[in-house]
Amino acid sequence: MHLLTQKIIALVESRVMWSFFQNKYPVSVWFRNVFWHPTSPGNHKSISNEAWATWKHNFVGLFRQPEARVQSSFKHFREGKGDLQKYARWVRGNVVKLMSGKGGNDPILCEFYSYNCPRNESERCPSCTFSAKPYVRLAVHRLRQFRFVGITEHFDLSVCLFHAMFGGECRKVEFLNMRPGAPPQSRFEKLLAQDPDPYDGALYSEALRIFWSNVKKYDVRRSTCKKICSDVPHIFQSVNDTSLALPQFPGATMSGGTDHEYDWPGRHFLLEA
């Protein structure tokens with residue numbers, strides 16, 4: 001288990017690339033008992049009860065602030081056009097649905113539908129409209145049993161935390177962004193802030209609590225990460241320029257302080273599409 005593995009998953013999401021990758025590195029040889037869904041490891045699969053019973057203490061995940069994820073999804077599937085608030089309501093609670101296994105694989109397909117169900121897929125529409133509220137408790141319960149919980153908004157510290165917890169060599173490739181996106185737009189942020197996702201928001205809040213608890217437990221901060229990830233010192237090197245403002249990250253519950261241990265000028269930030 002390695003964050004590099006997660007990067008590989010992201011890289012081989014397309015069917016063509018996955019076929020090429022699988023032929024070159026057969027799963028049964030190179031990744032035996034690594035992927036909980038070996039036929040499609042890079043896809044968005046909900047966690048069924050059967051999968052949870054088998055893998056429950058071995059799941060790892062990076063969680064993203066819900067409104068940031070919705071904004072990215074809106075730009076990708078709707079090209080930033082249409083009613084953002086309507087789209088946000090349509091995909092509300094998708095992560096909770098995936099985590100709790102409710103709706104099969106349909107929750108992520110709701111984003112493809114972009115709140116307009118095609119005729120030949122109309123039977124899937126109920127999966128896009130039922131409330132995730134009853135399943136928040138189950139999703140949070142499962143999250144608490146994850147082997148590792150990282151935060152996209154704190155990607156640098158998440159990579160460092162992973163190695164602090166499990167060892168292994170911290171490599172430069174782990175900080176590459178293979179799906180770069182544009183910075184969040186303030187007009188979108190203001191719209192989404194008016195009606196935030198209460199279900200994925202609750203799950204994200206718990207992910208933040210777990211993350212910061214482990215950051216403290218394993219003494220993960222900029223100065224220690226420079227040692228843990230010594231091959232990539234620039235990632236945790238503060239820019240000595242007082243004119244640069246500290247980045248504003250959602251859920252930054254631990255103060256950066258004057259020594260900039262948790263937030264610092266010039267910080268590496270993953271702007272993912």
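Nothing in this text is a laboratory measurement; each read-out follows from the coordinates by a stated rule. Quantities reported herein were computed from a predicted structural model and do not represent experimental measurements. Every residue, glycine among them, receives a Cβ derived from its backbone with ideal geometry; neighbour counts consider all protein chains shown.
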Query raised in the report: Which parts of region 187-215 would a label at Gln85 reach, counting a residue when its backbone N lies under 15 Å from a point 7 Å out along Cα-to-Cβ?
Result: 187-197
Requested in this report: Using only alpha carbon pairs under 8 Å that are at least six residues apart, calculate the relative contact order of region 44-236 and give it in whole percent.
Outcome: 31
Requested in this report: Quick one: which residues, 5+ away or cross-chain, put their amide H under 5 Å from the amide H of His268? H built at 1.01 Å from N.
Outcome: none
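If we count other beta carbons within 10 Å of each Cβ, what is the order of Leu271, Leu161, fewest first? Before the final figure, lay out the partial values.
Working: Leu271 15, Leu161 25.
Listing Leu271, Leu161 from fewest to most nearby Cβ atoms yields Leu271, Leu161.
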Query - Under-5 Å amide H pairs with Leu62, H placed in peptide plane, nonlocal only - result: Gly150
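Within region 155-211, which chymotrypsin sites (Phe, Trp or Tyr not before Pro) sit in a loop by DSSP and count at most 15 neighbouring Cβ atoms inside 10 Å?
On the way: sites: Phe155, Phe162, Phe166, Phe175, Phe188, Tyr199, Tyr204, Phe211; in loops: none.
Sparse-neighbourhood loop chymotrypsin sites (Phe, Trp or Tyr not before Pro): none present.
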**Report entry** Which of Tyr25, Tyr87 has the fewest Cβ neighbours within 10 Å, and the rest in rising order
**Finding:** Tyr25, Tyr87
Report summary line: Distance in nm between Glu50 and Met165 label points, each 7 Å along Cα→Cβ, equals 2.8
Query raised in the report: Going by how many other Cβ atoms sit within 10 Å of their own, how do His163, His57 line up, fewest first?
Result: His57, His163
Query - Fully extended contour minus Cα-Cα distance, from Leu138 to Thr224, at 0.36 nm per residue - result: 27.5 nm
Query - Simple label model, 7 Å out from Cα along Cβ direction - Phe31 to Arg78, nm - result: 3.2
